[in-house]
Each structure stands twice: as C-alpha cells, then as structure tokens.
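Each remark here refers to the structure printed beneath this line.
The values are calculated or read from the model by the stated rules, or taken from the named source; none is laboratory data. Everything numeric here is computed off the predicted structure, so don't read it as measured data. Glycine gets a Cβ as well: all are built from the backbone with ideal geometry, and neighbour counts include every protein chain shown. Accessible surface areas use protein heavy atoms only, side chains included; no ligands, DNA or RNA. Shrake-Rupley method; radii C 1.70, N 1.55, O 1.52, S 1.80 Å.
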Amino acid sequence: MKAALVAGGRVEGPFLLEYLEREGYGAVAAVDHGLEFFYENHLIPDYVIGDFDSVQKPALEFFRKLGKEGKPKFTALNPVKDDTDTEHALGMLLDLGYKTVHMFGCTGSRLDHVLGNIQLLGYGLRAGAECVILDPHNRIRLISQETRISRREQFGTYVSLIPFTPQVTGLTLEGFAYPLKEHTMSCFYREDAAPISGISNEITAEQARISWKEGILVLVESRD
C-alpha cells in the first residue's frame, strides 16, 4: 500500500503531477498549505489535515464544502500542539497501514522544517514502512539495513551518506567512485569523528551496495 503526503513547503507542480499520475497512490493527504496545489490543479485529495494557519481561505472553504459531502476527509488540528501538521498526517497514514509514503512539499526555504521532516522519516523505520522525501532535486531516505542502488534507477547523479545515529560502524561501499571498507562514520561533534565525508559520491558500477554493521544513515540521492 502506497500513499502520498503533500505538505506546505516548496511544491513544483509538474514534478508532483507526474508522480501522482504514475504511482497510483492508494491515498493522498494534503497538509495545510499543501492544499493549495490541489486547488490550483483541480484535484481532490483523500485527506486534508492541518491547523489551517497557512492555507488561503478560498482553497480551504472549497475543500471544506466538498468534505461535507464525504471527500476529502477533514482533520482540523489545534494550532497549539506538540507536533507539526506533517507529523500528524504521516502518523495517520502509517496507522492506516500504508507501507510506503512519498512525502512532497517537505523541503524549501525553511531549514528548520526540512530538518524536522528528515527526523520524521524515523516514523517509517519504527513502523516498518518506507518514507521518502521527494522534490525535483532530491530523494531522501533513512536506511537501517543493507541497501542497493541500480545506476539506471538512481535519482540524479550524486549519492550522499550522513550518519543519523551518532556513529555508523563497519560501513562498506561497493560500486562507488569513492569506495569504503569497514569504515566508521561519526557525527562531527564527536572527538573521534572520521575525517572522511560522505557527501557527493557517485555510482560507477551497474549496481552500488551500501552495507554496515550498526547505525542508521541518511541517504540523499541528488541532482543539480
């Protein structure tokens, strides 16, 4: 089961429209300002979630009226809360049993939101689901077990690995321009942090392999 979540960050219409048409999502959730995309493109999401402090009134009222007829389903959140609208929406989709969630509108100029949304990918790991942040330039995942990337199917040109846990041990990279074997990658606040950066590697084989013994990595596939 696969779902899409459209949050209130930067959304590039053609990119998102292509995914919505191609992927055949079982559910699509619009989060607060993300509802503007659906209003502008004459599309109806399955769920609308938010405290609605950033969506414009015409879009909100249009879909609220539709919601009274059964679709979309509305969840209005209290603006004074301990989680974000995106966090609430992601938790809802995971509770509904979706095992893959593509997250759009989760990057942009608000770096605090970007970092927070990357943290939210941990919900997927905990639920045994794959949550992926997507924009025209990046595919961002958390990985906790061996991962292989086909050069034909990779997203963009560059592959970057950043430790999500304080330390990742036994990191081995095969099929990359900069291979590694049994390397320990640490967050840079640690005194024993390795001097090797995991940024901007490139796949050189037909398939690249990332394996390690312990820890969690942020995997970013990107293109300029």
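Bridgeable aspartates and glutamates around residue 81 (alpha carbons under 12 Å apart, same-chain partners fewer than 8 residues away excluded): 51. Over 16 Å, how big is the tail of the calculated P(r) for the range 124-171, in percent of all Cα pairs? Value for the range 124-171 (Cα pairs over 16 Å): 50 percent.
Taking all protein chains as they are arranged and a probe of 1.4 Å, the heavy atoms of residue 47 leave approximately 40 Å² accessible to solvent.
Per the Kirkwood formula applied to alpha carbons, the range 129-220 shows a radius of gyration over Rh ratio, Rg over Rh, of 0.94.
The 1.4 Å probe gives accessible areas that order 157, 100, largest first, as 157, 100. Each Cα pair under 8 Å and six or more residues apart adds its separation to the average, and for the chain the resulting relative contact order is 19 percent. On the principal axes of its alpha-carbon atoms, the range 168-224 has extents of 35, 26, 18 Å, going from largest to smallest.
Note on the chain: Cα Rg divided by 2.2 N^0.38 Å, N the number of residues, gives 1.09. Over the C-alpha atoms of the range 14-118, the Rg to Rh ratio, Rh being the Kirkwood estimate, stands at 0.93.
Rounded to the nearest 0.05, the FRET efficiency derived from the C-beta distance between residue 144 and residue 174 at R0 = 25 Å is 0.85.
Taking the Cβ-Cβ separation of residue 206 and residue 165 as r and a Förster radius of 22 Å, what is the calculated FRET efficiency to the nearest 0.05? Once rounded, the FRET efficiency stands at 0.15.
On the beta carbon distance between residue 43 and residue 82, with R0 = 25 Å, the FRET formula returns roughly 0.20. Cross-link pairs exceeding 26 Å between alpha carbons, from the set 65/99; 2/57; 71/99: 65/99; 2/57.
The distance between label points at residue 62 and residue 12 comes to 2.4 nm (points 7 Å beyond Cα on the Cα→Cβ vector). Note on residue 99 and residue 53: their simple-model spin labels are 3.7 nm apart, each label 7 Å out from Cα toward Cβ. The charge dipole of the range 1-104, taken about its Cα centre with unit charges on the Cβ atoms of Lys, Arg (+1), Asp and Glu (-1) only, comes to about 320 debye. Take residue 81: with every protein chain present and a 1.4 Å probe, its accessible area is about 60 Å². Solvent-accessible area of residue 132, all protein chains in place: 10 Å² (probe radius 1.4 Å, heavy atoms, ligands and nucleic acids excluded). Can you return the lysines within cross-link range of residue 181? Criterion is Cα-Cα under 18 Å, with same-chain partners fewer than 8 residues away left out. Hits, sequence-local ones excluded: 213.
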